[in-house]
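K.L.:
Quick one: structure below, then a few questions.
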């Protein structure tokens, strides 16, 4: 039986590596021994892609990249490394060359777009009192509160950073659509998935934080992608 690839998990805006807290033990229970979660600075797409590349280069052997939200743009930009066997998008952006996450959002604004606000230093925040309904409406109150208070704000300019050479044009892909997503319009997710021609697309009745509200089905998709690349 082929050895399982290393899994590198890439978070998005308003969160950190700990947003994968429920997927990580699920993967370990299923026999994945090499698990990594990047902590990206969220200062620019170039910075975040380079941080992800550095982690991948430290790993000996094949790697499956998994991106949530803006993390999808990161794996799109960083995923062309030869040891990357595939890309899994979890309610995520998958821009083409010359596209940005902000451009995609403006063309079809999500329900909670107005709940994102900049501060005087140029960082973008999801308003704390709107975080639960915007980002994680299907999580318990306390869990959403912790996410709201510990959110990691990106520099607003990162929203406009464009992808150069999308890795999904040359790598196998898998996509999970969140049908109740209020941070990325579900129709945008379907559109991005469709043009990638993924090996598989699944739809979950979930909000944006599907990695926390439905870790089982998300892990199922990751496991399937890992098996395909092994």
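Readers should treat all values here as calculations from the given coordinates under stated rules, not as data from a laboratory. This is a predicted model, so every value here is computed, not measured. Neighbour counts are summed over all protein chains in view; Cβ atoms, including those assigned to glycine, are modelled from backbone coordinates with ideal geometry.
K.L.:
With each label point set 7 Å from Cα along the Cα-Cβ vector, what nm distance links residue 187 and residue 30?
P.N.:
Result: 3.2 nm between the two label points.
K.L.:
Run through the DSSP bridge list for the chain and note the antiparallel percent, rounded to the nearest 5.
P.N.:
Roughly 15 percent of the DSSP beta bridges within the chain come out antiparallel.
K.L.:
Per-residue counts of other Cβ atoms within 10 Å, averaged by peptide: what ranking do you get for 29-42, 87-100, highest first?
P.N.:
Top to bottom by mean Cβ count within 10 Å: 87-100, 29-42.
K.L.:
Let me ask another. Of the peptides 135-143, 165-173, how do they stack up when ordered by the mean number of other Cβ atoms within 10 Å, highest first?
P.N.:
Peptide ranking by packing, descending: 165-173, 135-143.
K.L.:
Same structure again: GNM, the chain, Cα, under 10 Å: largest mean-square fluctuation among 120, 105, 44?
P.N.:
Among 120, 105, 44, the largest mean-square fluctuation in the Gaussian network model of the chain belongs to 120.
K.L.:
Note the full-extension length gain between residue 145 and residue 117 as 0.36 nm times their separation in residues minus their Cα-Cα distance, in nm to one decimal.
P.N.:
In short, 8.3 nm is gained.
K.L.:
Considering only segment 68-190, what is the antiparallel percent among its DSSP beta bridges, to the nearest 5?
P.N.:
45 percent
K.L.:
At 222 nm, what helix-only mean residue ellipticity would the chain give, in deg cm²/dmol to the nearest 500, using -39500 (n - 2.57) for each DSSP H run of four or more?
P.N.:
Per the formula, -10000 deg cm²/dmol.
K.L.:
Hey, another quick one. Cα centroids of segment 30-44 and segment 214-230: how far apart, whole angstrom?
P.N.:
Distance between centres, Cα-based: 15 Å.
K.L.:
Tell me the relative contact order for segment 6-229 as a rounded percent, counting alpha carbon contacts under 8 Å between residues six or more apart.
P.N.:
25 percent
K.L.:
Let me ask you something else. How big is the gap, in Å, between the Cα center of segment 108-145 and the Cα center of segment 46-65?
P.N.:
29 Å
K.L.:
R0 = 41 Å: FRET efficiency of residue 127 with residue 227, Cβ-based, nearest 0.05?
P.N.:
With a Förster radius of 41 Å, E is 0.50.
K.L.:
So I have (i) 11.0; (ii) 13.1; (iii) 14.6, and one of them is mean projected area of the Cα convex hull in nm² calculated from this model. Which one is it?
P.N.:
Calculated mean projected area of the Cα convex hull in nm²: the matching label is (i).
K.L.:
For the pair residue 200/residue 54, report the inter-label distance in nm, with labels modelled 7 Å from Cα in the Cβ direction.
P.N.:
Between residue 200 and residue 54, the simple spin-label model gives 3.4 nm.
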